[in-house]
Amino acid sequence: MKRIINLLAGVALVCGLSSCAANNYYKVKVNGYTDPSAPGLIKPGGSFYVMTNKEAKNPLLEAEIKEKLNKLLGSHGYPVVPFERADYVLFFGYGLGEPRGVTTVTPDYYGGFGWGMGYGWGGPAFALGFPAWGGYAAESATLYDRWLLINVVDGPAYRTGKQSQPVWVGEARSVGASSDLRTVLNYLLVADFQQFGKNTGQALTVELGEKDPAVFSLTH
């Protein structure tokens, strides 16, 4: 029995190193910008109004994204108020690029992990089988560029019609096989808000699991 337990522990280690249980992740590139000559930081607890695009092709999706932005602002300590009282006005844009074909090269294995049992001088014995190496395999895939842009401006200046420099601009971009922008936007929104109001200095990579708690709370 002790030998069997040791073998099972070995299998668990192998599975951990080889990712036996595959997880789906969204990898997002995030860039946050402030004006280098006059960095206007978003003040803690500042109030917001989220502006929608009246010319949006899908006004229902536009309204849905606005509600999610309101939820994210609230969870980060920024109250959402009517336009006339907002310290900041937030604009947003989003899009999906044209599909592009790519070819990927991946290791090719045949067979799989499995248990075998036989009999020897000491009684029954267990053995673990591993997949065999089969070289490389080329696969074609279709990828899409998905992006989200957030632009925050000073509320009082915008309401008086003055030219208002952005207080903060946040970019979130992702490349993947899914063309379901409605779903992918949830991950772009959460990733962008991880750096909300900050000057990142460069593009940062954010990895979010398919069942990320922040994304779940955004959609439920």
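Derived scalar couplings between HN and Hα for the range 145-151 equal 8, 10, 9, 9, 10, 10, 10 Hz in order, rounded to whole Hz, by the Karplus curve 6.51 cos²θ - 1.76 cosθ + 1.60 (θ = phi - 60°), x for Gly and Pro. Mind checking which lysines have their Cα closer than 16 Å to the Cα of K43? Skip sequence neighbours fewer than 8 apart in that chain. Within the straight-line cut-off, K43 pairs with K198. Each of the peptides 187-199, 203-215, 63-75 was scored by the mean count of other Cβ atoms within 10 Å over its residues; in descending order, highest first, they stand as 187-199, 63-75, 203-215.
In straight-distance terms, cross-link reach from K66 covers every one of the aspartates and glutamates whose alpha-carbon lies under 19 Å from its own, apart from those fewer than eight places away in the same chain; here that gives E55, E84, D87, D154, E171, D180, D192. Under 17 Å from a point 7 Å along the Cα-to-Cβ line of Y25: which residues of the range 196-220 have their amide N that close? 204-215, by backbone N distance to the label point. Taking label points 7 Å from Cα along the Cα-to-Cβ direction, K43 and E64 give a separation of 3.6 nm. Per-residue 3J(HN,Hα) values for the range 81-98, derived from phi via the Karplus relation 6.51 cos²θ - 1.76 cosθ + 1.60 with θ = phi - 60°, read 10, x, 3, 5, 10, 6, 6, 9, 10, 10, 9, 8, x, 7, x, 10, x, 5 Hz in sequence order (x marks Gly and Pro). With θ taken as phi - 60° and the Karplus curve 6.51 cos²θ - 1.76 cosθ + 1.60 applied, the whole-hertz 3J(HN,Hα) list for the range 167-176 is 7, 7, 10, x, 10, 9, 10, 8, 10, x Hz, x standing for glycine and proline.
Near the amide H of D87, within less than 5 Å, lie the amide hydrogens of S47, F48, all on another chain or at least 5 residues away, with H placed in the peptide plane.
Each reported figure results from applying straightforward, stated rules to the coordinates on display, with no laboratory input. Remember, it's a predicted structure, so these values are computed and weren't measured experimentally. All Cβ positions, glycine included, derive from the backbone under ideal geometry; neighbour counts span all protein chains shown.
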